[in-house]
1. What share of the DSSP beta bridges in segment A:189-338 is antiparallel, in percent to the nearest 5?
2. If the limit is 23 Å between Cα atoms, which of A:Lys53/B:Lys399; B:Lys116/B:Lys298; B:Lys80/B:Lys300 go over it?
3. Suppose you put the label 7 Å out from Cα in the Cβ direction; list, shortest first and in nm with one decimal, how far A:Asp413 is from each other copy's label.
4. Could you give the dipole magnitude of segment A:62-109 about its Cα centre, charging the beta-carbon of Lys and Arg +1 and that of Asp and Glu -1, in debye to the nearest 20?
5. Per residue, how big is the convex hull of segment B:160-288 when only Cα atoms are used? Give it in Å³.
6. Place a point 7 Å from Cα of A:Leu46 in the direction of its Cβ. Which residues in segment A:243-285 have their backbone N less than 11 Å from it?
7. Just give the residues from segment A:257-285 buried by at least 50 square angstrom of accessible area in the all-chains context relative to the isolated chain, probe 1.4 Å, and say none if nothing qualifies.
8. State, to one decimal in nm and shortest first, how far the label point of B:Thr72 sits from each corresponding label point in the other identical copies (label point: 7 angstrom along Cα-to-Cβ).
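The values are calculated or read from the model by the stated rules, or taken from the named source; none is laboratory data. Every value quoted in this text rests on a predicted model; they were computed, and no experiment measured them. For neighbour counting, all protein chains shown are included, and Cβ atoms are generated from backbone atoms with ideal geometry for every residue, glycine included. The area values use the complete protein model at the heavy-atom level, side chains included, leaving out ligands, DNA and RNA. Shrake-Rupley method; radii C 1.70, N 1.55, O 1.52, S 1.80 Å.
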Number of protein chains: 2
Amino acid sequence: MCPTPDAAPATNGSNSSNDPSHPGFTGIATQRTQRSSPYQPVGDFLSNVSRFKIIESTLREGEQFANAFFDTETKIQIAKALDDFGVDYIELTSPAASEQSRKDCETICKLGLKAKILTHVRCHMDDARMAVETGVDGLDVVIGTSSYLREHSHGKDMTYIINTAIEVIEFVKSKGLEIRFSSEDSFRSNLVDLLSVYSAVDKVGVTRVGIADTVGCASPRQVYDLVRTLRGVVNCDIETHFHDDTSCAVANAYCALEAGATHVDTSVLGIGERNGITTLGGLMARMMVADRDYVMSKYKLHKLKDLENLVADAVQINIPFNNPITGFCAFTHKAGIHAKAILNNPTTYEILKPEDYGLSRYVHFASRLTGWNAIKSRVEQLGLTMTDAQVKLCTQKVKAMADVRPLAIDDADSVIRTFHLNLTSNEEKPLLPNMTSEEKAKFEKAEKEIAAEPEQKSLDQTVAQETQA
Amino acid sequence: MCPTPDAAPATNGSNSSNDPSHPGFTGIATQRTQRSSPYQPVGDFLSNVSRFKIIESTLREGEQFANAFFDTETKIQIAKALDDFGVDYIELTSPAASEQSRKDCETICKLGLKAKILTHVRCHMDDARMAVETGVDGLDVVIGTSSYLREHSHGKDMTYIINTAIEVIEFVKSKGLEIRFSSEDSFRSNLVDLLSVYSAVDKVGVTRVGIADTVGCASPRQVYDLVRTLRGVVNCDIETHFHDDTSCAVANAYCALEAGATHVDTSVLGIGERNGITTLGGLMARMMVADRDYVMSKYKLHKLKDLENLVADAVQINIPFNNPITGFCAFTHKAGIHAKAILNNPTTYEILKPEDYGLSRYVHFASRLTGWNAIKSRVEQLGLTMTDAQVKLCTQKVKAMADVRPLAIDDADSVIRTFHLNLTSNEEKPLLPNMTSEEKAKFEKAEKEIAAEPEQKSLDQTVAQETQA
């Protein structure tokens, strides 16, 4: 059911979008490394991984983040940055939330951005009337509570929902605007009722229906299942919204696209209620593996870091250390074999290329896990000349030093430089300045131990690291 | 294929593990809220979501994290904390990595922990011999590089791999230890070769085979597919290891368990190469939704926060703001309708219960998205008495104030207290101290606007927030 090769072979980030049998086939030939799978890609006619659109909700869901307080100026800055990045839609807080929200909605609509502007309101005529006056391109309406659908179906509730929805939808359409109808907490709703409502609004010509995992309980295969079922029930587009309470928000969005969803809600760094929703950056990382050409053609990935910094500053948070793409160590390779392989061929341990994001790779070699190949490359980067034997001896010293104290990149460089200097000078300089006598002793002890390791090891310091899968 | 109800109904965090048709049926009756799905849970005989085991790799994969430098004392602290938390296995860096690593391995084995101790070494007799001498309960061996398998199969490579593997496996078994054999970069490997190797090592009685998404390229349904296929090829246990480069590491681990995997590799906060692997906390959150009884029976969840703080301090990182469960806002509810519903019934917007983790819920009401129900509950928490009409007036003032400047919880409380005081005193005190004349003017303007909103709004300040799906 899931064509294993679909994401498997992309050692250079390109994928089956170059395969004519794939619906996302772009016809653009990209340089690709040898396909590792014995199979050809299997076309998946449900999948929209090569045709998705982003509804960016930093200015709606994001405003519900605990730390968020966006003044008008900040909202404008963020909206412009999102537009520049290339998101398809920008979603704003309901103008009914507060007078300021209504004014900000009008202001942002007047900016003349390329992205379509949406506002997110309850399925109620009062809110719909207020929203259409703000100048937005479309309304995202939602049933205010999932209670109707969570309880067993009662004709009254269903009729009420459907009639209200139809009234709002026809009103918004009469104004020539896009209209999305979404349920809330879709994954804990009565499936039959859910499909009945979606089917009814689809018949009256809603632009999109929306599925929301409001509590973050959905799992990827459950998402695939529900979206695929819905895909068979409605003809309109399908928007999806996933909370990250159980760390599946990006994966769920991806599976939704595989099942035929067309739009994904994101926010920058995922900010939103509780621990937030699908992150824009995480989705970009995921989709780059699925269809690099499509993502690169639409979104300015080299602006992702600035965009994230802008929002992080606005809500006073730090970029998570493990953030995809922009986390401080996302492109840092530490274990010897990784360092070695990365120097030979980055795709060995990288499915994403830092240069695509205006970032650079960092081979971390100042640790006990250091391999001499990493040191050798660093020696060359520093413009020094050493024989392999000298590099291996130098590696022993770096490893020994790393056993004594944590080594910053500068420390390691200084060890290498001093080692190189000592090769050609008469007086032996200390590898690191101001070492305590205790440290000196520990260093010499560690050096002896490392030197005493069997030849097989010192010939290839990295083999032990080949275990670092 | 994915039984929608499988994760759907668990409004109280319990799940189909209470359904006799489910393989994970525990027989323990848990209080459950009304099932929202029209279907009964469908038994899934492949799934091990109710029987998984954790191989905790903070002291192996985690040591490859850019910031990681664990001295012996820190390793012991972390090992003890992991053991106390209840992980099934603790995996350590190869003793062949450095002399210090070897010694630390011996030291941790001597701690007499409940968790089994593993060390992760390449598939090579030298390393295997060294490892078995350290006193570990088992070895996780891996083919040092995926290049063999990534290239088209050549008899020589395959024979070499299989013969080496069998030699190591039989040696380790002869010592009475557990032995896992894993490939590297499994999702970009030649599937036929991969299965041939796994089948061969299974026949000689390997304890577990391992699948590793070394580069973080795998997607959930692809993982399900490969694990399900492997499940049909081998009889032994299946261990899985997922990197998080594309934000799918937790979701992939979950899908692997659904497909019949038995063991999941994790690290605390996910620390590891690049942006890391499946996070222990994220997996806990995911599995709590799948089978709360099983998770609660095995793991001390109330110690998760301390465990994460311990590791975060050791590698000098901050807990990500959006960390599942322990992120500072994971249980913070902001939008009016969320606040309102949470006060009525937490399960409305929470699939996880903070009390399970020794944490508490926080209803954020000091914002323009505030609903009067949230203010009412706060008024009660503060031990004040107001009529609903007074609460609604007070809410208007809090909202107006939030339009003027960001309100901390204390600010909001002081507004409420002063408002309450003013109700019974002759002289009107300012709601907030030291407001500038500019702020005063802005406040009065905002207050007028809010008061001027149609009665329908002021009767229910929260309805507008019902749009915050």
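1. Numbers: 1 of 10 bridges.
Just about 10 percent of them are antiparallel.
2. On the way: A:Lys53/B:Lys399 35 Å; B:Lys116/B:Lys298 15 Å; B:Lys80/B:Lys300 13 Å.
Correct reply: A:Lys53/B:Lys399.
3. In nanometres, ordered from closest: 5.0.
4. Details: 4 positive and 10 negative charges, 18 e Å.
With Lys and Arg at +1 and Asp and Glu at -1, about 80 debye.
5. On the way: hull volume 13.8 nm³, N = 129.
Convex hull of Cα atoms, per residue: 107 Å³.
6. A:255-261
7. A:Glu273, A:Arg274, A:Asn275
8. Shortest to longest, the spacings are 6.6 nm.
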